[in-house]
Amino acid sequence: MINIRSSEEIELIRGSARLVAQSLDLAAELVRPGVTTGELDREIEAFIRSHGGTPEFKGFHGYPATICASVDEEVVHGIPGKRVLEGGSIVGIDIGVRKNGYVGDGARTFIVGEASEEALSLVGTTLDALMAGLEVVREGVHLSDVSNAIQQVAESKGYSVVRALAGHGVGTDLHEPPEVPNYGPRGFGPILKVGMVLAIEPMINAGGLGVKTLEDGWTVVTTDNRLSAHFEHTVAVGSEGADILTVA
Ligand code: MG
């Protein structure tokens with residue numbers, strides 16, 4: 001069953017999602033050559049806690065950190081630590097925050113220093129794919145219409161959509177129904193209703209769609225070792241369109 005949230009609940013989710021967006025703004029300031037992903041994690045955890053939130057990923061199925069920091073061929077769920085960010089890399093930062101009992105979830109991929117044309121194009125296209133999906137979100141459309149819009153943008157540039165992972169509903173839990181795939185034909189899946197809240201998060205690979213999980217049990221990487229990018233917004237379904245909640 002897909003939860004329908006009241007406008008009061010959506011305002012509570014907006015409060016958490018705003019703190020996610022502010023944390024991602026902080027990440028944008030902190031990301032530079034020479035910083036470790038562990039330093040980013042510590043600063044962002046302190047920021048979230050000082051603003052009345054708690055890191056929702058920490059402890060989720062045993063996940064050990066506040067953020068996920070996924071560098072270059074890492075798709076998602078990279079565990080922050082001693083890894084030093086180098087100029088020319090890209091790093092996806094994913095953050096979940098709980099505040100007043102409700103959860104927001106968001107991610108952006110940042111360029112470290114000066115990036116290659118390939119990296120810039122992949123990151124730009126992944127954001128474009130997310131926004132194309134959000135353009136479709138409104139009461140009465142099929143969920144897979146959103147998925148299809150994302151896939152069209154990614155594949156029009158010759159990139160691959162990761163199929164092994166998907167977006168999700170979000171609210172009082174980090175992961176709620178429905179699953180939100182980033183590919184598929186139009187006209188399938190549940191019909192969106194006002195008050196549904198979705199975390200939509202395309203993961204787009206420069207090469208093939210294959211991914212695997214490393215021995216740490218978390219880090220998902222591309223099997224061909226090529227770059228991957230990830231953007232995510234938490235949005236509420238409205239009668240006229242998507243209400244993007246992960247804005248600062
Ligand atoms: Mg998510």
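Odds and ends about this structure:
- Only Cα pairs under 8 Å and 6+ residues apart enter the sum, and on that basis the relative contact order of the chain stands at 24 percent.
- With every protein chain in place, the stretch 83-211: carbon and sulfur % of accessible area (1.4 Å): 51
- Among the chymotrypsin sites (Phe, Trp or Tyr not before Pro) within the stretch 164-248, those in coil by DSSP and having at most 14 neighbouring Cβ atoms inside 10 Å are Phe188.
- Gyration tensor (alpha-carbon) shape descriptor, the chain, a/c threshold 1.5: oblate
- The H on the amide N of Gly210, modeled in the peptide plane, is under 5 Å from the matching H of Thr223, each at least 5 residues off or on a different chain.
- Ordering Phe231, Val194, Thr109 by Cα displacement along the dipole of the chain toward the positive end leaves Val194 in first place; charges were set at the Cβ atoms of Lys, Arg (+1) and Asp, Glu (-1).
- Around the Cα centre of the chain, unit charges on the Cβ atoms of Lys, Arg, Asp and Glu (plus for the first two, minus for the last two) sum to a dipole of about 300 debye.
- Relative contact order (%) - criterion: Cα under 8 Å, at least six apart; region: the stretch 73-158: 21
- Placing pseudo-labels 7 Å out from each Cα toward the beta carbon at Lys58 and Glu139 gives an inter-label distance of 4.0 nm.
- The chain, accessible area per residue, ligands and nucleic acids excluded (1.4 Å, Å²): 41
- Label point of Asn100 set 7 angstrom out along Cα-Cβ; within the stretch 35-73, amide nitrogens under 16 Å from it belong to 51-54.
- Relative contact order for the stretch 171-248: 30 percent, from Cα pairs under 8 Å spaced at least 6 residues apart, divided by residue count.
- Using θ = phi - 60° and Karplus 6.51 cos²θ - 1.76 cosθ + 1.60, couplings along the stretch 140-146 (whole Hz; Gly, Pro as x): x, 8, 6, 4, 6, 5, 5
- Mean-position separation - Cα centroids, the stretch 1-79 and the stretch 133-164, in angstrom: 24
- Remark: the stretch 51-64, residue by residue, has Karplus-estimated 3J(HN,Hα) of 10, x, x, 10, x, 7, 6, 4, x, 6, 6, x, 4, x Hz, where x stands for each Gly or Pro and the curve is 6.51 cos²θ - 1.76 cosθ + 1.60 at θ = phi - 60°.
- Where labels lie 7 Å past Cα in the beta-carbon direction, separation of Leu120 and Ser6 in nm: 5.0
- The 3J(HN,Hα) values that the Karplus relation (6.51, -1.76, 1.60; θ = phi - 60°) gives for the stretch 93-98 are, in residue order, 10, 10, 9, x, 10, 10 Hz. Gly and Pro appear as x.
- Between His175, His77, His233, the residue with the greatest mean-square fluctuation in the GNM of the chain (Cα pairs under 10 Å linked by springs) is His175.
- Gyration tensor verdict on the stretch 107-215 (Cα atoms; rounded if a/c is under 1.5, prolate if a/b is larger than b/c, oblate otherwise): prolate
- For Lys193 and Ala28, a Förster radius of 45 Å and the Cβ-Cβ distance give a FRET efficiency of 0.85, rounded to the nearest 0.05.
- Among Val97, Val220, Val76, residue whose mean-square fluctuation peaks in a GNM of the chain (springs only between Cα atoms under 10 Å): Val220
- For the options Ala129, Ala199, Ala28, a Gaussian network treatment of the chain with springs between C-alpha atoms closer than 10 Å singles out Ala28 as fluctuating the most.
The values are calculated or read from the model by the stated rules, or taken from the named source; none is laboratory data. Keep in mind the model is a prediction, meaning the values are calculated, not measured. Heads up, the Cβs are rebuilt from the backbone with ideal geometry, glycines too, and the neighbour counts pull from every protein chain shown. Only protein heavy atoms, including side chains, enter the accessible area calculation; ligands, DNA and RNA are left aside. Shrake-Rupley method; radii C 1.70, N 1.55, O 1.52, S 1.80 Å.
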